[in-house]
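Step one of this worksheet: look at the structure below.
The values are calculated or read from the model by the stated rules, or taken from the named source; none is laboratory data. On a predicted model such as this, the values are computed, not experimentally measured, just so you know. Quick reminder, even Gly has a Cβ in these numbers, built from the backbone with ideal geometry, and neighbours come from all protein chains shown.
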Amino acid sequence: MDSGRPAETGAVRGATATWATGASVHLVGRERELTEFERCLDDPDGPGLVLVHGERGAGRSAFAHAAAERLAARGHTVLPLVCVRGDQDRPLLLALRVVTAVRERRSVTGRQPAAGRADLDAEVLPATERGDRAALADALLSALTHAAPVAVVVDDAQYADAASLDVLGVVAARRPPEVRLVITSVRHTGGAGDAWSVRLDQAVGLAAEAGTARTIALPRLTRPQLADMVARRSQAVPDPALVAGILGLTRGIPAVADALLTEWSRRDAVRIADGHAFLAAGAPVPVLPDEDRFMRALHELGETCWTTAAALSVLWPLGRTAATLVAETTGLSDREVGDGVRRLIAAGLLDELPGEDGDGPRGWAFRSPLMEHAARERLGPLERARMSAAAVEALWAARDGAGAATDPQCPVVLLDEADAETYLPDRIADAGVLIDRERAAAELTAAAEALHPDPEDRGMLRWFRAALRLIEEPEARELALLRCVKAAWIVGDHPAAGRAAETILRDPSDVVSGPDLHELAVLQVVAATSVKDWPQLSRMGAAEWWDRLPLPPGAASSARALALCMSGRWSEGLDLLSRTETVWRPHPQIRLVPELAQVAGNLVQGRTDVLARALETPPDPGLPPEVLYSIAAGYTQQLLGNADLCGALELLKDRGMPPEALPPTTHFLLLHLQGRWDDALALARGLVAKDQTFIAAPQHHLLTAGTAGILLARGKPVGAARLIAGERGSHEGHVEIFLDVAEAAVLRTMGRTDEAERILRRGLEEADARGYVHGTDELAAALATLRAETGRAEAAASCLWRLEELAGRTGSGRTRLLYLLAAARVPGQASGAAREMLHEAVDLARSRRQPFETAVTLAAAAGDAGPPELLHEAYELYGQTGSLLCRFHTRAAMREAGLTVPGRRQATAENERLLATLITEGLTNRQIATVLRLSEDAIANRLSRLFARTGLRSRTEVVSAMLTGKPLTAPDH
């Protein structure tokens, strides 16, 4: 609500139509306060006056509206009134408005004859003219009594005149039970009390003493309440980091949080992935527009307050020294600054930070960092630079020992509430050339290096760039630019990193080492790949592109070979690497990228021996830590992409690298194979929402395919299909094998087997045309299984032959497992042979230690030739991965085999959760029946039971509960 709304001319009552008749809204975070209010209403001896306090933006008007709804629901005639700025200068105006409202209501309802209206006017108007509060209180009390049951709801009473508040206090103390008063007003925490709040306290003192008043304070929202706000607005479960960011910028003030979410929504900064809300990568803090209630309130305070607030947005962390610097940098007098600060505090825009032992305030801080940001961003570059320079000079003087001597009464220290790590570097960056350039550049560089790797992007890249602008010596500038390249890459600004790298490569000086040039050349290629700039990558695959750059031969050839591989031209890339191996192989630090490219290219062509040989040779321990990290992470990705979990874990253990240190996309692959699907899905959602799903070929589609597999196993075929469709065509020139496998699985689940077979056949044909072997085992196995299930043994046999040949050539445990499972399903196999294959498959799957893969294997073995008790083990493993749909089908198989399904209550809950998930996917009853392999009548019966048990009345309510993460139960059930 906006307590600084303009006065409404010509309105006696002062209530806007929107407020008086607005639609009902849910008040997030006010459930406890509304419950307290309802208890007051339901208590026959309850208070007749409810006083609602809250700071600016606490939601007082929304609470008043909700209170009016509850009063109306209990049969009260509600008279809504709004006080506006200037009312306090018009004695008895509010009281007169109440009388007028009663008269108009009684006239409309016909409950008072015309003579009664004349009598009321005869009492009220003379009393008002005389300023006779007692007579006016008697008249108002009489009018309200005759209109009972009636409730007067006054909003923004901080603008009310003192005489009217006295009258209302008397009425509250003497009113009959059928008359209720609700008054809302601003009350800020901290700082000196305001005159209007003192008046209000005095006015209701009589009612409070008589025990007829109740005060309800509206506190700031907590983290869970802010999460609820985001969930209701986005219809998605909010990411904890998003909620933490909102809390940090708004301090839990409801209106500020609402403004922040509104601005982010306008900029499409809140992204939804799998029903979860995330802040987009690199989304800036928005600047509140001029029409925002807080900005209007600031402007209404006048130019002096605006200038003071803008300067404090830069200087407040300096405590009491800030007031002096505000005066120095703005031209305001000390008295004007002091007056401006007091008015900003009174308006609820600043907080006064109390000092110790009555020594006055330590300083001042903005109530919300978002407001501080809005004020600072409205400063011009020169204004901000001048104020920042003053702050830097003051802090430097204090550090150098000159500050205390200059002003011993007000030493320059940063407030505890300020960010000590970023404040000074930020101010140095803003001050620019207005301060000592050499010292500024040195401090910015040191601060940026101390913040490295800056995963939260708090300033490292900005400070490196600011230092670059201050450095004038050419060689030092080039080193500074090199630091900017690496920092931009680390924080995810890959296009900027690529552009800066090319700037250095065009004319490198002697200060840039050979390994650095090699790294910059490779970084250009990876930057183009990460942003999917396929035309640029194609150009980088030509020798002419690199011939124009003065690079060492090893750097140019390695980068060009990488460009060829990343654009899907694996044979050309491998040929170039082979011809130039004598150039890059002797250098331990330089050979990392070409070696990895060589390994990946051979994996694409079905040769795993190159990877095995590379892993046999440990890296030189004398290499820089970042190079050792890249080696371990790169080979771990290759192993995980080959579905070799044991090999990846052994490598990480050998290199002393914790899994959490892996790049996020590689960490997802690890979590996926480990069966830690909750963690994997949480990571994947954030990466998808922030468009950070890039993985270099040949693992380029594994994150999307793996995530789609999780969604499908959890009963979300539509979400899986949407994710796959969004990834299609994103890697120009590359085959989409893993997407084909994932999409075929979705189509089979939805009963569209012909389309699934077409997708799988097309995938194999494209792979064969390009000489691509990696991943074709998954295509062949899925195609063999599908054909076997439809009784086409000969067609399935051709896929089996291919699988067997691949397993022998690659030595891959995954390929062997796929062959065994598919072969055992093909009709015509001798029962003994099938049983032996399944026994081998079970042993192999268990040795590979991948829960979902093992569960699939056990379920297949139990269903074909193995003991049915294997279903129990499969059921538990599916439970570990949260695979609701697989658990459902396994329960059906267990019942068919005569086995007891454990945990009946849990099974029922899972069935309901799965059904609700499928409803949320937007599936019809017929489609749900197909997915669950049941009849439509059975689905209808399950839906009826779901509604009856939960109290939810429609599919829409089910969807809302699922999307916001709420329990599947109606609030009143």
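Take the conditions at pLDDT below 95 and β-branched (Val, Ile, Thr) and apply them to Thr854. Does it pass? Quick ask: steps written out before the conclusion?
Values: at pLDDT below 95: no; β-branched (Val, Ile, Thr): yes.
The answer is no for Thr854.
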(request) Please verify whether segment 344-367 includes one or more residues that are modelled with pLDDT of 95 or more, closer than 27 Å to Ala442 by Cβ and surrounded by 21 or more Cβ atoms within 10 Å (Cβ to Cβ). (result) no
(request) Being surrounded by fewer than 18 Cβ atoms within 10 Å (Cβ to Cβ) and touching a residue at least 60 places away in the same chain (Cβ under 8 Å) is the filter here, so list the residues in segment 931-947 that pass it. (result) none
(message) I'd like to check which helices (runs of 4 or more DSSP H) are fully inside segment 492-579 and have at least 1 residues that are among the hydroxyl-bearing types (Ser, Thr, Tyr).
(response) 494-506, 514-530, 534-540, 553-566, 570-579
(request) Quick one: Glu595 ticks every box in (1) charged (D, E, K, R); (2) in contact (Cβ under 8 Å) with a residue 24 or more places away in the chain; (3) surrounded by 18 or more Cβ atoms within 10 Å (Cβ to Cβ) except a single one, so which number is it? (result) (2)
(message) Can you pull out every residue in segment 930-951 that is not in a helix (DSSP H, G or I) and not hydrophobic (A, V, I, L, M, F, W, C)?
(response) Arg933, Ser935, Gly951
(message) Considering only residues that are part of a loop (DSSP other than H, G, I, E, B) and surrounded by 20 or more Cβ atoms within 10 Å (Cβ to Cβ), which ones fall in segment 231-250?
(response) Ala236, Asp239
(request) Tell me, yes or no, whether segment 892-904 has at least one residue that is under 24 Å from Arg676 (Cα atoms), assigned to a helix (DSSP H, G or I) and in contact (Cβ under 8 Å) with a residue 40 or more places away in the chain. (result) no
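The rows are residues; the columns are (1) at pLDDT 90 or above; (2) among the aliphatic types (A, V, I, L, M).
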{"site": "Asp2", "(1), (2)": "no, no"}
{"site": "Ala7", "(1), (2)": "no, yes"}
{"site": "Arg13", "(1), (2)": "no, no"}
{"site": "Ala17", "(1), (2)": "no, yes"}
{"site": "Ala23", "(1), (2)": "no, yes"}
{"site": "Arg32", "(1), (2)": "yes, no"}
{"site": "Asp45", "(1), (2)": "no, no"}
{"site": "Leu51", "(1), (2)": "yes, yes"}
{"site": "Gly59", "(1), (2)": "yes, no"}
(request) Determine which single condition Ala500 fails, assuming it passes every other condition in (1) surrounded by 21 or more Cβ atoms within 10 Å (Cβ to Cβ); (2) touching a residue at least 24 places away in the same chain (Cβ under 8 Å); (3) under 27 Å from Arg439 (Cβ atoms). (result) (2)
(request) Among the residues of segment 667-695, count how many are closer than 26 Å to Gly811 by Cα and at pLDDT 95 or above. (result) 9
(message) Could you go through segment 614-627 and let me know if any residue there is closer than 21 Å to Leu817 by Cα and outside the structural domain of Thr854 (by TED's automatic domain parsing).
(response) no
(request) Please go through segment 225-266 and pick out each residue that is of a type in the set (Val, Ile, Thr) and out of contact with any Lys or Arg (no Cβ under 7 Å at 6 or more places or on another chain). (result) Val230, Val237, Ile246, Thr250, Val256, Thr262
(message) Could you check segment 252-271 and list, in sequence order, the residues that are assigned to a loop (DSSP other than H, G, I, E, B) and either in contact with a strand residue (DSSP E or B) (Cβ under 9 Å, 6 or more places away or on another chain) or of a type in the set (Asp, Glu) (or both)?
(response) Asp268, Ala269
(message) Quick test of your reading of the structure: Glu778 fulfils all but one of (1) in contact with a helix residue (DSSP H, G or I) (Cβ under 9 Å, 6 or more places away or on another chain); (2) under 27 Å from Ile695 (Cβ atoms); (3) among the charged types (D, E, K, R); (4) free of Cβ contacts under 8 Å to residues at least 12 places away in the same chain. Name the failing condition by number.
(response) (4)
(message) Restricting to segment 442-458, give me the number of residues that are surrounded by fewer than 21 Cβ atoms within 10 Å (Cβ to Cβ), under 25 Å from Glu393 (Cα atoms) and in contact with a Leu (Cβ under 8 Å, 6 or more places away or on another chain).
(response) 2
(message) Residues that are touching a Leu at 6+ places or on another chain (Cβ under 6 Å) and over 22 Å from Gly573 (Cβ atoms): does segment 771-778 have at least one?
(response) yes
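Test Ala893 against the stated conditions and say whether it is within 18 Å of Ala929 (Cα to Cα) and at pLDDT below 95.
Answer is yes for this residue.
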(request) Return yes or no: is Leu350 within 33 Å of the chain's Cα centre (by Cα) and of a type outside the set (Asp, Glu)? (result) yes
(message) Name the single residue that is farthest from Met894 (Cα to Cα) among those in segment 833-872 being polar (S, T, N, Q) and in a helix (DSSP H, G or I).
(response) Ser847
